[in-house]
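*Asks:* Below you will find the structure I want to go over with you.
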Amino acid sequence: MNESPIATFLKNRHEPCPACGYDLCDTAGEACPECGLGLRLQLAPRESAGLATIAGASVISAGLGFSLLLWVVMIIAYVLEWGNGPGVYRIHLALAAGVVLGAVCLAIWVRLRARLQRASPRRRWLLVLACLAAPLANLAAASLVIFVIGI
């Protein structure tokens, strides 16, 4: 019995449905079993899944590095008695939380990279944006402590 070209292509290949992201591996029909979208084969340039994976790791690493750098600067300022105000412990806490959050996010990102590469391009880039939110939130918290509460 002849298989359709789509079934042959999807045999043992993990490809997401363009509409719902369902894994179409070993799908025999001409439509997505999850959402019913008609499937067709076509040649087109494909976005590299590696680009989003690298972008996410880079964003997390940049946030982690920035938090760590600020924390080291604050420790040096504390040692040199430049920043010994009453709120200095708050800024150390905010920056330490940013370093820990960044390290945890990076570990999760690296651990789940294979799943990220199978995700739809839209979902991958949404996750990259979510990764950008963590260091920005930490920077906002640290800035709040420095400029509003004061150190």
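The values are calculated or read from the model by the stated rules, or taken from the named source; none is laboratory data. Here the structure is a predicted model, which means the values were calculated and not measured. Neighbour counts are summed over all protein chains in view; Cβ atoms, including those assigned to glycine, are modelled from backbone coordinates with ideal geometry.
*Asks:* List the residue pairs whose Cβ atoms are under 6 Å apart, where the first residue sits in the stretch 116-128 and is modelled with pLDDT under 80, the second is not in a helix (DSSP H, G or I), and the two are 6 or more positions apart or on different chains.
*Replies:* Correct list of pairs: 118/14.
*Asks:* Here is a further query. Could you tell me whether residue 123 is surrounded by 13 or more Cβ atoms within 10 Å (Cβ to Cβ), touching a strand residue (DSSP E or B) at 6+ places or on another chain (Cβ under 9 Å) and not in a loop (DSSP other than H, G, I, E, B)?
*Replies:* In short, yes.
*Asks:* Can you pull out every residue in the stretch 1-25 that is assigned to a loop (DSSP other than H, G, I, E, B) and under 13 Å from residue 122 (Cα atoms)?
*Replies:* Result: 17, 18, 19, 20, 21.
*Asks:* From 107, 142, 134, 96, grab the single residue that is at pLDDT below 85 and within 30 Å of residue 17 (Cβ to Cβ).
*Replies:* After ruling out the rest, the residue left standing is 134.
*Asks:* Report whether or not residue 57 is of a type in the set (A, V, I, L, M) and either part of a loop (DSSP other than H, G, I, E, B) or outside the structural domain of residue 97 (by TED's automatic domain parsing) (or both).
*Replies:* Answer is no for this residue.
*Asks:* Among the candidates 134, 94, which residue alone is crowded, with 16+ Cβ neighbours inside 10 Å, assigned by TED's automatic domain parsing to the domain that holds residue 56 and farther than 27 Å from residue 53 by Cβ?
*Replies:* 94
*Asks:* Just a yes or no: is a residue in the stretch 5-23 loosely packed, with under 14 Cβ neighbours inside 10 Å, in contact with a strand residue (DSSP E or B) (Cβ under 8 Å, 6 or more places away or on another chain) and over 29 Å from residue 101 (Cα atoms)?
*Replies:* yes
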